[in-house]
Amino acid sequence: MQNPEVVMIGLGYIGLPTAALIAQGGAYVYGVDINQSVVDTINRGEIHIVEPDLGQAVKEAVSKGFLKADIKPVGANTYIVVVPTPFKDKNEPDISFVQAATSAILNLLKEDDLYIIESTSPVGTTEKMMNFIYEKRPELKGKLNIAYCPERVLPGNVMHELVFNDRVIGGIDEKSTQRALDFYSKYVKGELHKTNARTAEMCKLVENSSRDVQIAFANELSLICDKADINVWELINLANKHPRVNILQPGCGVGGHCIAVDPYFIVSDYPMESKIIGTAREVNNYKSFWCAEKVQNTKLKFELDFGRKPKIALMGLAFKPNIDDLRESPAKYIAQRVLQNANNEEYYIVEPNIQEHNVFKLTNYTEAYQKADIIVYLVNHKEFSTLPQSNEKIILDFAGVNK
Ligand SMILES: NC(=O)c1ccc[n+]([C@@H]2O[C@H](COP(=O)([O-])OP(=O)(O)OC[C@H]3O[C@@H](n4cnc5c(N)ncnc54)[C@H](O)[C@@H]3O)[C@@H](O)[C@H]2O)c1
């Protein structure tokens, strides 16, 4: 490979597609990942994640020599950090991966380079990394371009959205913002919106918190309606006939690695101010607990009514419909909780989007439906809408399959 122009640190769900896209645009991209098997896979022109059109893009970029992966970075003009930012115990964000990635390039940075963080980060992370860099490399103070540019793509449509979504770009000064904007404008067709680093960081967190709060409202309605003996799905449908009302759908909680995680980045730094955001997290978590309790109570009532143990089908484990991703999944949490309380009942665990699971023994959804007395819909997977609505079954529909 010729001298790389871009070093992409972190070659996961976001870093690899971004690296492939930039390489397809004709820039030499040096991808860095601490996972040797990820590096080897990419250098063979293959991919380690499931994402439509990514395989072809990586294969082309690698075979033409525009993309190469390694476990250690080399010098370039632009460095992009796209490593995980999980949360630690007590729901505090962990930016140690960002710091480790930054440490790895400290000695490679030179005057006028562009350093961008794309990882979802607590407010102030970009400034923290700037201070960290300038502390170790004081001769570069004020001479680097440092910016934050969050990612908001939808898994499954990443290659399209990377190009066509609008992006928010916030530098630590005007020059940095402009340099980052010039960089992204080479491959993004969506609008590029300029701001400062702190606003860009908060923008990403607020987008996911907004979704979380709105889902919490729907989940709260589902609890109220259950007590009031009102069909929540019908209620929301009717309320949404109001021209200025748009209530989201309830579910069995909120999961995934973004919406269920990012609000804590705000709550942990601004606990006194983020009352609604914090409460929304509690409501959405409580909804999962409530669903598990509901299964437990229904099971006990069945035993009293019929004098025998019920057979129970738990339908869906993924964190949202029609995907195979179980990260932070409320459905998985409910299944675990229900199984912990098992007392010789027979259970069928269903997840049509995965073949096998290391903890749960999976059953085909039609077989589970036929055999079970109690059907618990945890996820609104498309397969479930093809099942009959038998009056002989007890249905707990937390996902709106039969709405
Ligand atoms: N996946 C999404 O849909 C999505 C959407 C928007 C934002 N984000 C954010 O983007 C960031 C990355 O997410 P992801 O889904 O791509 O994560 P991922 O886990 O798929 O990939 C991260 C990669 O970084 C590597 N890595 C960890 N530490 C490293 C280091 N010090 N140096 C080099 N490589 C290192 C890991 O081995 C891994 O391959 C996170 O902050 C996430 O919140 C993700």
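The values are calculated or read from the model by the stated rules, or taken from the named source; none is laboratory data. Only a predicted model underlies this, so the values are computations on that prediction, with no experimental measurement involved. When we count neighbours, we look across all protein chains shown, and the Cβ atoms used for this are built from the backbone with ideal geometry, even at glycine. For accessibility, only protein heavy atoms count, side chains too; no ligands or nucleic acids. Shrake-Rupley method; radii C 1.70, N 1.55, O 1.52, S 1.80 Å.
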ask   = To the nearest 0.05, how large is the calculated FRET efficiency for K311 and V359 if R₀ is 25 Å and r is the Cβ-Cβ distance?
value = 0.80
message = Quick check on segment 6-199: what does the Kirkwood estimate of hydrodynamic radius come out to from the alpha carbon pairs, in Å?
response = 16.7
inquiry  = Can you compute the label reach from E303? Point 7 Å from Cα along the Cβ direction, backbone N cut-off under 20 Å, restricted to segment 370-394.
reply    = 372-376, 394
ask   = Using a simple spin-label model with points 7 Å from Cα along the Cα→Cβ vector, what separation in nm is obtained for Q249 and Q389?
value = 1.4
key: Cut-off under 5 Å, modelled amide H: who pairs with L362 long-range   = H357
inquiry  = To the nearest 20 Debye, how big is the dipole of segment 98-159 about its Cα centre, given +1 on the beta carbon of each Lys and Arg and -1 on that of each Asp and Glu?
reply    = 100
inquiry  = Taking the Cα centre as origin and putting +1 on Lys and Arg beta-carbons and -1 on Asp and Glu beta-carbons, what dipole magnitude results for segment 16-95, to the nearest 20 debye?
reply    = 220
key: Per-pair calculated FRET efficiency, R0 = 22 Å: D166 and N322 via Cβ, rounded to 0.05   = 0.30
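Express the carbon and sulfur contribution to the solvent-accessible surface of the chain as a percent, rounded to the nearest whole number, probe 1.4 angstrom.
51
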task = Take every DSSP beta bridge with both residues inside the chain and express the antiparallel ones as a percent of the total, to the nearest 5.
result = 5
Difference of contour (0.36 nm per residue) and Cα-Cα distance, K64 to E127 = 19.0 nm
request  = Could you calculate the FRET efficiency of E367 with E282 from 1/(1 + (r/R0)^6), where r is the beta carbon distance between them and R0 is 41 Å, rounded to 0.05?
outcome  = 0.65
query = What is the set of long-range amide H partners of D397 at a cut-off below 5 Å, with H atoms built 1.01 Å from backbone N?
reply = Y377
message = Using a 7 Å offset from the Cα along the Cα-to-Cβ direction at both M272 and I34, what is the distance between the two label points in nm, to one decimal?
response = 3.6
task = Report, by chain and number, residues whose modeled amide H sits under 5 Å from the one on Y348, excluding near sequence neighbours (fewer than 5 apart, same chain).
result = I312, A313, L314
key: Whole-percent pair-distance distribution, where bins are 10 Å wide, for the alpha carbons of the chain   = 5, 20, 27, 22, 16, 8, 2, 0
query = So for the chain, taking the charge dipole from beta-carbon charges (+1 Lys/Arg, -1 Asp/Glu), which of A200, L378, T18 sits furthest toward the positive end?
reply = L378
request  = For segment 292-388, run through the GluC sites (Glu not before Pro) and keep only the ones in DSSP coil with at most 16 other Cβ atoms within 10 Å of their Cβ.
outcome  = E356
ask   = Viscosity 0.692 mPa s, temperature 37 °C: Stokes-Einstein D of segment 356-403 from its Kirkwood Cα radius, in µm² per second?
value = 286
Radius of gyration and Dmax over the Cα atoms of segment 195-288, both given in Å = 14.7, 49
query = Hey, which lysines would be in cross-link range of K143, C-alpha to C-alpha under 19 Å, not counting anything within fewer than 8 residues on its own chain?
reply = K110, K128, K175
key: Magnitude of the charge dipole, segment 226-397, Cβ model with Lys/Arg +1 and Asp/Glu -1, debye to 20   = 200
request  = Before rounding to the nearest 500, sum -39500 (n - 2.57) across all DSSP H runs of length at least 4 in the chain and divide by the residue total; then give [θ] at 222 nm in deg cm²/dmol.
outcome  = -13000 deg cm²/dmol
ask   = Straight-line reach from K309: which aspartates and glutamates have Cα under 18 Å away, leaving out those fewer than 8 places along the same chain?
value = E293, E345, E346, D373, E392
task = Please work out the Cα convex hull volume for segment 226-397 and give it in Å³ per residue.
result = 152
message = As an exercise, identify the trypsin sites (Lys or Arg not before Pro) in segment 206-267 lying in DSSP coil whose Cβ has no more than 14 other Cβ atoms within 10 Å.
response = K241, R244
key: Farthest positive-ward along segment 169-280 dipole, Cα basis, beta-carbon charges - from Y187, V267, L235   = Y187
